Amino acid sequence: MSNPLSLDEQLCFPFYSISREITRRYRPLLEPLGLTYPQYLVMLVLWEEDQQSLKAVGERLHLDSGTLTPLLKKLEASELIRRVRNKQDERHIEITLTDKGHMLREQAELVPLALKETLGVSEEDLERVKQTLNQLVIKMNGTE
């Protein structure tokens, strides 16, 4: 009979382990860009679509404003983004890329391929895992 409290029986542990490992492998790839992994995620969202609300960026990354705001402040201090209060509603903040933020995208385009190379896993396996994880996120967030 298996032990339900065994670490090997926990669903959360492989997620935790892989998350830490992926973040660790991103670190040397992002260091030349001057970005941490969470900052890189914010930049990815803005490179997809510039000029978004704080709320939209938070929803896309599944982060609340309390977690997102310090990331944005650091990106703004690095002159990669600009945070501007909406003139019609001061409670809403618009996030836009600066010229420097736009230019960083070119360097960042090398990161995904470099990460795949460090993982040593086939493109097909990575795609299969990504699809499974995305389906799980959708189900967990009730957005299916």
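Just so it is clear, none of the values below were taken in a lab; they were calculated from the coordinates. Because the structure is a prediction, the values reported are computed rather than measured. Because the Cβ atoms are built from the backbone with ideal geometry, glycine has one as well, and the counts that use them run over all protein chains shown.
With the simple spin-label model, which puts each label point 7 Å out from Cα in the Cβ direction, the residue 59 to residue 27 separation comes to 3.5 nm. Cross-link check: pairs 87/116; 87/130; 55/130 evaluated at a Cα-Cα cut-off of 31 Å; pairs beyond the cut-off: 87/116; 87/130.
Mean residue ellipticity at 222 nm, helices only, the chain: -20000 deg cm²/dmol; runs of at least 4 DSSP H residues each add -39,500 (n - 2.57), and the sum is divided by the number of residues. Relative to the current alpha-carbon distance between residue 131 and residue 115, full extension at 0.36 nm per residue lengthens the span by 4.0 nm.
With viscosity set to 1.306 mPa s and temperature to 10 °C, compute the Stokes-Einstein D of segment 62-144, Rh being the Kirkwood radius across alpha carbon pairs; µm²/s, no decimals. Answer from the Stokes-Einstein relation: 99 µm²/s.
Per Stokes-Einstein, at 25 °C and 0.890 mPa s, what whole-number D in µm² s⁻¹ belongs to segment 7-102, with the Kirkwood radius over Cα pairs as the hydrodynamic radius? Please report the intermediate quantities before stating the final value.
Values: Rh = 14.6 Å.
Rounded, D is 168 µm²/s.
This model, with +1 at the C-beta of Lys and Arg and -1 at the C-beta of Asp and Glu, gives the chain a dipole about its Cα centre of some 520 debye. Quick check for you: which residues of segment 109-134 have the amide N under 17 Å from the point 7 Å beyond the Cα of residue 15 toward its beta carbon? Hits in segment 109-134 for residue 15 at 17 Å: 129-134. Between residue 98 and residue 85, the simple label model (points 7 Å from Cα in the Cβ direction) yields a spacing of 2.1 nm.
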